[in-house]
Structures are given as structure tokens and as C-alpha cells.
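Engineer: First the structure, which I've put down as C-alpha cells, then a few questions once you've had a look.
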Amino acid sequence: MTEPNTTETVNEARKFIAVEGPIGVGKTSLARRLAKCFQAELLLEEAEENPFLERFYQNPKSAALPTQLFFLFQRARELQKARQPDLFAPLRVADFLMEKDRLFARMNLDDDELRLYEQVYAQMAVDAPRPDLVIYLQAPVDVLMNRIRKRGRPEEDTIERTYLQKVVDDYAHFFHYYDDAPLLIVNASGVDLVESEDDFQELLGRIDTTVKGRHYFNPKSVHV
């Protein structure tokens, strides 16, 4: 697959693009392809490295706090890289926003755990860089469940539909009010932004023209 010329597909003023969305929507795969296309540094949260995640999906109440703290430390460490100038890779692409950490903390922790989490967060003094563009991928729960099953990660085998619906709803609520950066909301339910060159090129065009405000992208092609 031939990637497009980077100077024609990314606004040179951009330093940081974040791709977000619920579990299984394809944010990491898209972030990888964008980083390759733009010759950018890639920042990943690497969920498979979290040793508590499988236990959390099996029994959320017993493993929610260590799961969340591991992600907090991991995400903060990755974002520190984005605060350091890099002459060779001036653009960074991440598959997460730091704000998503608190979103999941409030979703999964009980009151006592959340108070402890907030204390840890405050002590870390996380100074996350502000993205120049956020790409929010959306898809219905049925689509997400199907994609999760297809990728076959053992730690995700016990994800329940009710939990995934809660994730989808909380993301929708969060981005309904989000205005910290230009936002491109993408209907990712019927497209393949990684394997389809047409879909990817159409997305690149939207990325290049999204410089402020909120925008919606419903790709023309549909894959079944």
C-alpha cells in the first residue's frame, strides 16, 4: 500500500493529533496508519500491557482501582513524550486523550476508590498537551461487539454488552460538551479506515480541512 505524500495531507502547524473512541472502534489501528502516513511519532496506551485488565473484565469491582491506576501512570508517561520537542518527528499521533482516564475512573470506581484516584492524579500533576485535532470514532454496540470478537484478545472475552453500552454512552456525553480542540466526529461503523485506501483518503481530506470547531464525517462507502 502506498501512503500519500505527507506534505499534502497534514497541516504543518499541527503538532499533536489524538484518536479516540470506545473499545473496538479501531482507534489504535487508525492512529498507527496516520502516524505512518504523516511520519509522526506514535503514542499508544497499550491496553494489553495492563496486567489487571483481564481480571477487571471478569470481575469489575475487584480490579477496577489497580486497572485504572495502571492506565493513569501509563498514559501520563506516554504524554510526557509529547511535551518534548522532536525535530525529526514534529507531529505526534496518540490513540487516547488524557481526559479519558478520568472518564473511565468515574465510570468504574466506587466513591472511596475515586477519592483515592483523584488524590493520586493530583499528586502526579499531569500536564497533558492540548491536541491540535481530536478524531472521535463512533460505532453502535453491535458493531463494536463484533469487532472485539473478531480480534480475539483473551482479556476481552468477558466484556459484557451492558458495560460496552455504558462506555459508548459516556463517550457520547463527553464529546457532546468537548471544546478543548478541533473535533472531527467520524461514523466508523461501515467503513475500513485502515485497509480501504478510498476511505482513508477521504478521511485525510477531512483532517486537512478541520482546523477549528466541530465537524461530522459520514464516509461515502459502506463495507459489510
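Just so you know, all these numbers are worked out from the coordinates, no wet-lab data involved. Everything numeric in this text was worked out from a predicted model, so none of it was measured. Cβ sites come from the backbone with ideal geometry, for glycine too, and all protein chains shown count toward neighbours.
Engineer: Please turn the phi angles of the range 19-31 into ³J(HN,Hα) values with the Karplus equation 6.51 cos²θ - 1.76 cosθ + 1.60 (θ = phi - 60°), one per residue in order, whole Hz, x for glycine and proline.
Structural biologist: Once rounded to whole Hz, the list reads 10, 9, x, x, 4, x, 7, x, 5, 5, 4, 5, 4.
Engineer: I've got another one for you. Mind listing the phi-derived Karplus ³J(HN,Hα) values for the range 42-51, rounded to whole Hz, using 6.51, -1.76 and 1.60 with θ = phi - 60°, and x for any glycine or proline?
Structural biologist: 9, 10, 10, 7, 6, 4, 5, 7, 6, x
Engineer: Could I ask something else about it? Starting from the amide H of Tyr136, placed 1.01 Å from N in the peptide plane, find each other amide H under 5 Å away whose residue is 5 or more places distant or on another chain.
Structural biologist: For Tyr136, the qualifying residues are Glu20, Leu184, Ile185, Val186.
Engineer: Another one. Compute the distribution of all C-alpha to C-alpha distances in the chain, in bins of 5 Å from 0, and list the percent of pairs in each, rounded to whole numbers.
Structural biologist: 1, 6, 14, 18, 20, 17, 13, 7, 3, 0, 0
Engineer: To continue, here is another question. Using +1 on the beta carbon of Lys and Arg, -1 on that of Asp and Glu, and nothing else charged, what's the dipole of the chain about the Cα centre, debye to 20?
Structural biologist: Result for the chain is approximately 100 debye, rounded to the nearest 20.
Engineer: Right, next: What full-extension length gain, to one decimal in nm, is calculated for Gln39 and Lys212 as 0.36 nm per residue of separation minus the Cα-Cα distance?
Structural biologist: Extra length available between Gln39 and Lys212 comes to 60.0 nm.
Engineer: Enter the angle in degrees (range 0 to 90, nearest 10) between the Cα long axis of helix 111-124 and the first principal axis of the Cα atoms of the chain, meaning the one along which they spread out most.
Structural biologist: 50
Engineer: If packing is taken as the mean number of other Cβ atoms within 10 Å per residue, what is the order of 201-212, 112-123, highest first?
Structural biologist: Top of the packing list down: 201-212, 112-123.
Engineer: Tell me the mean residue ellipticity at 222 nm calculated for the chain from its helices only (DSSP H runs of n ≥ 4, each -39500 (n - 2.57), averaged over every residue, nearest 500).
Structural biologist: Mean residue ellipticity, 222 nm, calculated: -15000 deg cm²/dmol.
Engineer: Quick check: the angle from helix 197-209's long axis to the longest principal axis of the chain, C-alpha only, nearest 10 degrees?
Structural biologist: Result, in degrees: 90.
Engineer: Give the shape of the range 134-224 as rounded, prolate or oblate, defined through the alpha-carbon gyration tensor: a ≥ b ≥ c are the square roots of its eigenvalues, a/c under 1.5 means rounded, and otherwise the shape is prolate if a/b is larger than b/c and oblate if not.
Structural biologist: Note, shape of the range 134-224 comes out oblate.
Engineer: Here is a follow-up. In what order do Met107, Met145 fall by count of nearby beta-carbon atoms within 10 Å, going from fewest to most?
Structural biologist: Arranged by neighbour count, lowest to highest, Met107, Met145 become Met107, Met145.
Engineer: Follow-up. Going by how many other Cβ atoms sit within 10 Å of their own, how do Ile17, Ile148 line up, fewest first?
Structural biologist: Ile148, Ile17
Engineer: Further question on the same structure: For Leu43, list long-range residues whose amide hydrogen, built 1.01 Å from N in the peptide plane, is under 5 Å from its own amide hydrogen.
Structural biologist: Val93, Ala94, Asp95
Engineer: Using only Cα atoms and rounding to the nearest 10 degrees, what angle (0 to 90) does helix 60-82 make with the longest principal axis of the chain?
Structural biologist: With rounding to tens, the tilt is 40 degrees.
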